[in-house]
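*Asks:* Below is the structure I would like to discuss, written out as C-alpha coordinates.
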Amino acid sequence: MVTDIICAAFMIIGTAFMFLGCVGILRMPDLLTRMQTATKPPTLGVFCLMVSAALYFPEIGVTIRVLAITLFVFLTAPVAAHMIGRAGYQVGVKFWKGTVMDELKDKYRGTSIDS
Amino acid sequence: MTTLAFVLLGVLSLGIVLAFVRLLRGPNIPDRLVALDLLTTVGVGIAALYSIAFDEPVYLDVAIVLALVAFLGTVTFSRYIEKWAHHGD
(Lines give C-alpha, C1' and ligand atoms only; values in the text may rest on other atoms or scores of the structure.)
Protein backbone atom coordinates (compact mmCIF):
# COMPACT_ATOMS: atom_id res chain seq x y z
CA MET A 1 0.00 0.00 0.00
CA VAL A 2 2.73 2.45 1.01
CA THR A 3 4.83 1.20 -1.89
CA ASP A 4 1.94 1.91 -4.27
CA ILE A 5 1.63 5.49 -3.03
CA ILE A 6 5.39 6.12 -3.36
CA CYS A 7 5.39 4.52 -6.83
CA ALA A 8 2.49 6.71 -7.99
CA ALA A 9 4.13 9.82 -6.56
CA PHE A 10 7.39 9.13 -8.40
CA MET A 11 5.45 8.47 -11.60
CA ILE A 12 3.59 11.78 -11.38
CA ILE A 13 6.74 13.75 -10.51
CA GLY A 14 8.74 12.20 -13.35
CA THR A 15 6.01 12.83 -15.91
CA ALA A 16 5.64 16.42 -14.71
CA PHE A 17 9.36 17.07 -15.15
CA MET A 18 9.35 15.54 -18.63
CA PHE A 19 6.31 17.53 -19.70
CA LEU A 20 7.83 20.76 -18.36
CA GLY A 21 10.96 20.04 -20.38
CA CYS A 22 8.79 19.66 -23.49
CA VAL A 23 6.97 22.93 -22.76
CA GLY A 24 10.30 24.67 -22.16
CA ILE A 25 11.81 23.62 -25.48
CA LEU A 26 8.84 25.25 -27.20
CA ARG A 27 8.84 28.45 -25.12
CA MET A 28 12.53 29.26 -24.62
CA PRO A 29 13.99 31.96 -26.90
CA ASP A 30 17.50 30.69 -27.58
CA LEU A 31 19.51 27.60 -28.49
CA LEU A 32 21.39 27.46 -25.19
CA THR A 33 18.34 28.00 -22.97
CA ARG A 34 16.44 25.43 -25.03
CA MET A 35 19.34 23.04 -24.64
CA GLN A 36 19.41 23.38 -20.89
CA THR A 37 15.66 22.95 -20.54
CA ALA A 38 15.71 19.95 -22.89
CA THR A 39 18.50 18.18 -21.00
CA LYS A 40 18.17 18.58 -17.24
CA PRO A 41 14.44 18.20 -16.41
CA PRO A 42 13.88 15.13 -18.66
CA THR A 43 16.95 13.47 -17.10
CA LEU A 44 15.42 13.89 -13.66
CA GLY A 45 12.12 12.67 -15.12
CA VAL A 46 13.80 9.51 -16.42
CA PHE A 47 15.29 8.95 -12.97
CA CYS A 48 11.89 9.31 -11.25
CA LEU A 49 10.13 7.05 -13.77
CA MET A 50 12.83 4.41 -13.39
CA VAL A 51 12.50 4.50 -9.58
CA SER A 52 8.75 4.06 -10.06
CA ALA A 53 9.28 1.05 -12.34
CA ALA A 54 11.74 -0.49 -9.86
CA LEU A 55 9.16 -0.13 -7.09
CA TYR A 56 6.36 -1.54 -9.26
CA PHE A 57 8.23 -4.71 -10.34
CA PRO A 58 9.82 -6.26 -7.23
CA GLU A 59 12.37 -8.37 -9.14
CA ILE A 60 16.13 -8.14 -9.07
CA GLY A 61 16.47 -8.26 -12.84
CA VAL A 62 14.23 -5.21 -13.30
CA THR A 63 16.18 -3.33 -10.64
CA ILE A 64 19.47 -4.02 -12.38
CA ARG A 65 18.09 -2.89 -15.74
CA VAL A 66 16.67 0.26 -14.14
CA LEU A 67 20.04 1.03 -12.56
CA ALA A 68 21.74 0.54 -15.93
CA ILE A 69 19.32 2.90 -17.73
CA THR A 70 19.61 5.57 -15.02
CA LEU A 71 23.40 5.42 -14.94
CA PHE A 72 23.65 5.57 -18.71
CA VAL A 73 21.27 8.51 -19.07
CA PHE A 74 23.01 10.41 -16.27
CA LEU A 75 26.38 9.83 -17.94
CA THR A 76 25.44 10.60 -21.53
CA ALA A 77 22.92 13.47 -21.30
CA PRO A 78 25.51 16.12 -20.28
CA VAL A 79 27.97 14.90 -22.94
CA ALA A 80 25.32 15.09 -25.65
CA ALA A 81 24.21 18.56 -24.53
CA HIS A 82 27.80 19.77 -24.48
CA MET A 83 28.40 18.55 -28.00
CA ILE A 84 25.20 20.17 -29.28
CA GLY A 85 26.13 23.45 -27.62
CA ARG A 86 29.64 23.46 -29.07
CA ALA A 87 28.36 22.61 -32.54
CA GLY A 88 25.78 25.37 -32.28
CA TYR A 89 28.40 27.89 -31.22
CA GLN A 90 30.71 26.95 -34.07
CA VAL A 91 27.90 27.17 -36.59
CA GLY A 92 27.20 30.62 -35.21
CA VAL A 93 23.64 30.67 -33.96
CA LYS A 94 22.35 33.99 -32.66
CA PHE A 95 22.02 34.38 -28.90
CA TRP A 96 19.11 35.80 -27.01
CA LYS A 97 19.18 39.58 -26.68
CA GLY A 98 19.46 39.37 -22.90
CA THR A 99 22.67 37.31 -22.96
CA VAL A 100 25.17 38.91 -20.59
CA MET A 101 28.47 37.13 -21.18
CA ASP A 102 30.18 35.35 -24.09
CA GLU A 103 33.57 34.09 -22.97
CA LEU A 104 34.31 32.26 -26.24
CA LYS A 105 33.90 35.34 -28.40
CA ASP A 106 37.30 35.29 -30.12
CA LYS A 107 38.14 31.63 -29.64
CA TYR A 108 36.17 30.09 -32.51
CA ARG A 109 35.21 31.21 -35.94
CA GLY A 110 32.84 29.43 -38.26
CA THR A 111 30.44 30.10 -41.03
CA SER A 112 27.13 31.62 -40.04
CA ILE A 113 23.87 30.02 -41.08
CA ASP A 114 21.67 32.81 -39.79
CA SER A 115 21.54 34.69 -43.05
CA MET B 1 -1.82 2.15 -10.81
CA THR B 2 -2.48 1.01 -14.38
CA THR B 3 -5.07 3.75 -14.95
CA LEU B 4 -2.64 6.38 -13.65
CA ALA B 5 0.03 5.05 -16.00
CA PHE B 6 -2.37 5.38 -18.95
CA VAL B 7 -3.23 8.98 -18.02
CA LEU B 8 0.46 9.86 -17.70
CA LEU B 9 1.12 8.23 -21.08
CA GLY B 10 -1.37 10.72 -22.52
CA VAL B 11 0.49 13.60 -20.87
CA LEU B 12 3.82 12.44 -22.30
CA SER B 13 2.26 12.08 -25.74
CA LEU B 14 1.21 15.73 -25.54
CA GLY B 15 4.79 16.57 -24.61
CA ILE B 16 6.05 14.70 -27.67
CA VAL B 17 3.70 16.80 -29.81
CA LEU B 18 5.18 19.99 -28.29
CA ALA B 19 8.75 18.83 -28.94
CA PHE B 20 7.77 17.87 -32.49
CA VAL B 21 6.52 21.40 -33.11
CA ARG B 22 10.01 22.63 -32.19
CA LEU B 23 11.52 19.97 -34.46
CA LEU B 24 9.48 21.30 -37.38
CA ARG B 25 9.79 25.03 -36.60
CA GLY B 26 13.34 25.22 -35.25
CA PRO B 27 15.17 28.03 -37.04
CA ASN B 28 18.52 26.24 -37.21
CA ILE B 29 19.81 22.69 -37.36
CA PRO B 30 21.08 22.67 -33.71
CA ASP B 31 17.59 23.56 -32.50
CA ARG B 32 16.18 20.59 -34.37
CA LEU B 33 18.93 18.42 -32.93
CA VAL B 34 18.00 19.48 -29.39
CA ALA B 35 14.37 18.62 -30.13
CA LEU B 36 15.39 15.21 -31.47
CA ASP B 37 17.42 14.49 -28.33
CA LEU B 38 14.44 15.47 -26.18
CA LEU B 39 12.14 13.23 -28.24
CA THR B 40 14.27 10.17 -27.58
CA THR B 41 14.59 10.99 -23.86
CA VAL B 42 10.80 11.23 -23.61
CA GLY B 43 10.70 7.95 -25.53
CA VAL B 44 12.71 6.31 -22.74
CA GLY B 45 10.16 7.58 -20.21
CA ILE B 46 7.29 6.35 -22.38
CA ALA B 47 8.84 2.87 -22.50
CA ALA B 48 9.02 2.82 -18.69
CA LEU B 49 5.40 3.98 -18.33
CA TYR B 50 4.28 1.45 -20.96
CA SER B 51 5.91 -1.40 -19.05
CA ILE B 52 4.02 -0.32 -15.91
CA ALA B 53 0.72 0.16 -17.75
CA PHE B 54 0.77 -3.30 -19.36
CA ASP B 55 2.55 -5.05 -16.48
CA GLU B 56 5.33 -6.29 -18.74
CA PRO B 57 8.89 -5.56 -17.57
CA VAL B 58 10.23 -6.67 -20.97
CA TYR B 59 9.62 -3.17 -22.37
CA LEU B 60 12.41 -1.81 -20.17
CA ASP B 61 14.84 -3.36 -22.68
CA VAL B 62 13.37 -0.98 -25.25
CA ALA B 63 14.32 1.87 -22.94
CA ILE B 64 17.92 0.61 -22.73
CA VAL B 65 18.29 0.36 -26.51
CA LEU B 66 16.63 3.74 -27.06
CA ALA B 67 18.99 5.47 -24.61
CA LEU B 68 22.04 3.93 -26.33
CA VAL B 69 20.93 4.81 -29.86
CA ALA B 70 19.88 8.34 -28.86
CA PHE B 71 23.33 9.14 -27.48
CA LEU B 72 25.11 7.80 -30.57
CA GLY B 73 22.79 9.69 -32.91
CA THR B 74 23.18 12.99 -31.08
CA VAL B 75 26.97 12.77 -30.96
CA THR B 76 27.20 11.84 -34.64
CA PHE B 77 24.94 14.71 -35.72
CA SER B 78 26.98 17.14 -33.60
CA ARG B 79 30.24 16.01 -35.21
CA TYR B 80 28.80 16.43 -38.68
CA ILE B 81 27.51 19.92 -37.86
CA GLU B 82 30.95 20.93 -36.54
CA LYS B 83 32.68 19.60 -39.66
CA TRP B 84 30.17 21.43 -41.81
CA ALA B 85 30.84 24.67 -39.90
CA HIS B 86 34.60 24.41 -40.50
CA HIS B 87 34.18 23.39 -44.11
CA GLY B 88 33.44 26.94 -45.20
CA ASP B 89 36.76 28.37 -43.94
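*Asks:* Net charge within 13 Å of A:Ala53 by Cβ-Cβ distance, Lys/Arg positive one each and Asp/Glu negative one each, not counting A:Ala53 itself? Write out the running numbers ahead of the final one.
*Replies:* Values: positive: A:Arg65; negative: A:Glu59, B:Asp55, B:Glu56, B:Asp61.
Local net charge: -3.
*Asks:* Another question, then. Ignoring ligands and nucleic acids, what accessible area does B:Val7 show with a 1.4 Å probe (Å², nearest 10)?
*Replies:* Its accessible surface works out to 90 Å², give or take rounding.
*Asks:* Now for a separate question. Magnitude of the Cβ-charge dipole of the range A:2-108, K/R +1 and D/E -1, about the Cα centre, nearest 20 debye?
*Replies:* For this selection, approximately 380 debye.
*Asks:* A follow-up question, please. Relative contact order of chain B, please, whole-number percent, based on alpha carbon pairs below 8 angstrom and at least 6 residues apart.
*Replies:* Here the relative contact order equals 28 percent.
*Asks:* Right, another one. Probe 1.4 Å, all protein chains in place: accessible area of A:Asp102 in Å², nearest 10?
*Replies:* About 50 Å², ignoring ligands and nucleic acids.
*Asks:* Which whole-number value in Å² is the accessible area per residue of the range B:1-58, probe 1.4 Å?
*Replies:* Working: 2430 Å² over 58 residues.
Here the residues of the range B:1-58 average 42 Å² of exposed surface.
*Asks:* Which of the helices in chain A meet the span-like rule: DSSP H, Cα axial reach of 24 Å or more, Kyte-Doolittle mean at least 1.6?
*Replies:* A:2-27
*Asks:* Here is a further query. How large a share of the accessible area of the protein assembly as shown, in percent, is made up of carbon and sulfur atoms when the probe is 1.4 Å and the other protein chains stay in place?
*Replies:* Details: 7580 of 10820 Å².
After summing per-atom areas, the C and S share lands at 70 percent.
*Asks:* Of A:Val62, A:Val93, A:Ile6, whose Cα points farthest to the positive end of the dipole of chain A (charges on the beta-carbon: +1 Lys, Arg; -1 Asp, Glu; origin at the Cα centre)?
*Replies:* Comparing the listed Cα positions along the dipole, A:Val93 ranks first.
*Asks:* May I pose another question? For B:His87, A:His82, give me the order by solvent-accessible area with a 1.4 Å probe, most accessible first, ignoring ligands, DNA and RNA.
*Replies:* Final ranking, largest accessible area leading: B:His87, A:His82.
*Asks:* On to the next question. Normalising by the residue count of chain A, find the relative contact order in percent from Cα pairs under 8 Å and 6+ residues apart.
*Replies:* 26
*Asks:* Using a 1.4 Å probe on protein heavy atoms only, how many Å² of accessible area do A and B hide from each other, summed over both chains and rounded to 100?
*Replies:* Buried area between the two chains comes out at roughly 4500 Å².
*Asks:* In the protein assembly as shown, if the dipole is taken from +1 on Lys/Arg beta carbons and -1 on Asp/Glu beta carbons about the Cα centre, which of B:Leu9, B:Leu38, A:Leu44 is farthest to the positive end?
*Replies:* After comparing all options, I get B:Leu38.
The values are calculated or read from the model by the stated rules, or taken from the named source; none is laboratory data. Small disclaimer: the values here were computed from a predicted structure and weren't measured. Counting neighbours? That spans all protein chains shown, and the Cβs are built from the backbone with ideal geometry, glycine included. Side chains included, ligands, DNA and RNA excluded: accessible areas come from the protein's heavy atoms. Shrake-Rupley method; radii C 1.70, N 1.55, O 1.52, S 1.80 Å.
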